[in-house]
Every structure is written in structure tokens, then in C-alpha cells.
Amino acid sequence: MADDRNLPLRESNLVFGEGNIDSTIVFIGEAPGEQEDVQKRPFVGRGGQLLNKNIEAIGWKRADVYITNIVKRRPPNNRDPSSEEIAAYKPYLTKQLEIIAPEIIATLGRFAMNYFLPDAKITRDQGAIFRIGGRFIIPILHPAAALRSSEMMRAFEATFKTLPKAVVRCESLKEESTSQASATEKRTQKPLF
Ligand code: URA
């Protein structure tokens, strides 16, 4: 990625992602912000602290999961990433997910959610579990949104608390469907539960 001159936003640093490449769950945000650009690590600003706190509140450790973004460089002034930027970074995210092969992708915010679930609506669908191909997608609000309102904060924390059980449910559903090969490639944009 460092050598790919066709990638946009090359004036910013590369924030590739970090964590346990054997993790069952990968958290995916939108794009690095100012602190992330400086430290070249995902989710290390205020939003990152909230993410860490919620990961620890459910008894997990940040180092045990994998964290990355759909766009790997900071857009100027933290503007929203464009569809061209998202498309340009897509082959790298695809490869990254192929290598890590998580069972669950927890998306943080609207952009990461709509990358996997184009028709989903964040306020309606956050906290639900979807299945795309062999993978489970759980949309979560963006930590920055949770920091802006106490109602969003409650929803963010409540969804986090569902994650340990969701991992167990997804693992058992996965086992069921691998024993019935035809179900594994089913695409659905409806929440499973
Ligand atoms: N917001 C994101 O979406 N990703 C980061 O890494 C930091 C803030």
C-alpha cells in the first residue's frame, strides 16, 4: 500500500490497522482522524479511548481483536471519505479480511456499515446481526457519535454488551451452516436476530 501511487490521500500517513490477526472479530471504522494520522494507528483519539473502554467493559482486550478502517489514510479536515476513495482502498481491505478471515465484522459508523450493507440505516440497524456470505456483520454506532449524545452513548454501550453472546451465537450458526453447505453463501440484508 505504501508503494501504490494510485491510492488517494497520499499526503496523509498510512494507518493500516493493528491487532490480533487470528481474531474472530474485526472492528472497522471509516477513516483515520488527526491523532490516528500522527500515531499511524487506528482509533487512538477520543473515539479510540471510548472504543477501548467498551472493549474492556465486556472483558476483552484491545490487543486480542483486530481494528482497522475502510479508508487507510486521513481525509483533509476529517471530511467524509468519497465513494472513489472507498473504492480505491477496497482491494486492500478485501485482502486484509481474506487473510484475517474473521467470523464477525463489527462496523463502527455509517460508512463502514454501508460498505457491507448498502441498504442498512444506522439508527434502525445498529446492534442487529446480518449475514453476508459466510460472514456476520454487526453494525455499531461510531464512537464519535456516541460522544456527541447521551442517547447515542447508551445505544453504543448496549450494543457492545451484546457482543460476547453474539460471538457465541455466530460461532454456533456457522457450525450449523457449514454442515448444510447450501446455506453458507446465502446473502441477506435482513437482520438474523
Ligand atoms: N474514526 C474512524 O473512523 N477511524 C479511526 O481510526 C479513528 C476515528
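Throughout, read-outs are computed from the coordinates displayed, never taken from laboratory work. What you see is a predicted model, and the numbers here were worked out from it, not measured in a lab. Here the Cβ positions follow ideal geometry from the backbone for every residue, glycine too, while neighbour counts run over all protein chains shown.
When +1 charges are put on Lys and Arg Cβ atoms and -1 charges on Asp and Glu Cβ atoms, the dipole computed for the chain relative to its Cα centre reaches about 380 debye. Net charge of the neighbourhood of Val71, taken over other residues with C-beta under 13 Å away and scored Lys/Arg +1, Asp/Glu -1, is 0.
Electrostatic bookkeeping for Ala101 treats Lys and Arg as +1 and Asp and Glu as -1; over the other residues with beta carbon under 15 Å from its beta carbon, the sum is -1.
Taken over segment 76-164, the convex hull of the Cα atoms encloses 110 Å³ per residue. Each residue of segment 137-151 was assigned a 3J(HN,Hα) from its phi angle through the Karplus expression (A = 6.51, B = -1.76, C = 1.60, θ = phi - 60°), giving 10, 10, x, 10, 5, 6, x, 5, 5, 5, 6, 8, 8, 5, 5 Hz with x at Gly and Pro.
Inverting the pair-averaged 1/r between distinct Cα atoms of the chain gives 16.9 Å as its Kirkwood hydrodynamic radius. Electrostatic tally near Ile55: other residues with Cβ closer than 11 Å to its Cβ, Lys and Arg +1, Asp and Glu -1, net +1.
Working note: Karplus 6.51/-1.76/1.60 with θ = phi - 60° gives segment 121-129 the couplings 10, 4, 6, 6, 9, 4, x, 7, 10 Hz, where Gly and Pro are set to x. Legend: P(r) of segment 1-62 from all alpha carbon pair distances, 10 Å bins from 0, whole percents, reading 20, 48, 26, 7, 0. Springs between Cα atoms under 10 Å define the GNM used for the chain, and in it the highest mean-square fluctuation of Gly29, Gly19, Gly127 occurs at Gly19. A cut-off of 5 Å between modelled amide H atoms, ignoring neighbours fewer than 5 places along the same chain, links Asn13 with Arg74.
Per residue, the average separation of C-alpha pairs within less than 8 Å and at least 6 apart gives the chain a relative contact order of 22 percent. Rounded to the nearest 5, the antiparallel percentage of DSSP beta bridges internal to the chain is 30%. Our coupling estimate for segment 36-41, obtained by passing each phi through the Karplus curve with A = 6.51, B = -1.76, C = 1.60 and θ = phi - 60°, is 5, 5, 5, 8, 6, 9 Hz, Gly and Pro reported as x. Close amide H pairs (under 5 Å, H built 1.01 Å from N) link Ile129 with Leu192, Phe193, residues at least 5 positions away or on another chain. A full extension of the chain between Thr123 and Thr162 corresponds to an added length of 12.4 nm, given 0.36 nm per residue minus the alpha carbon distance.
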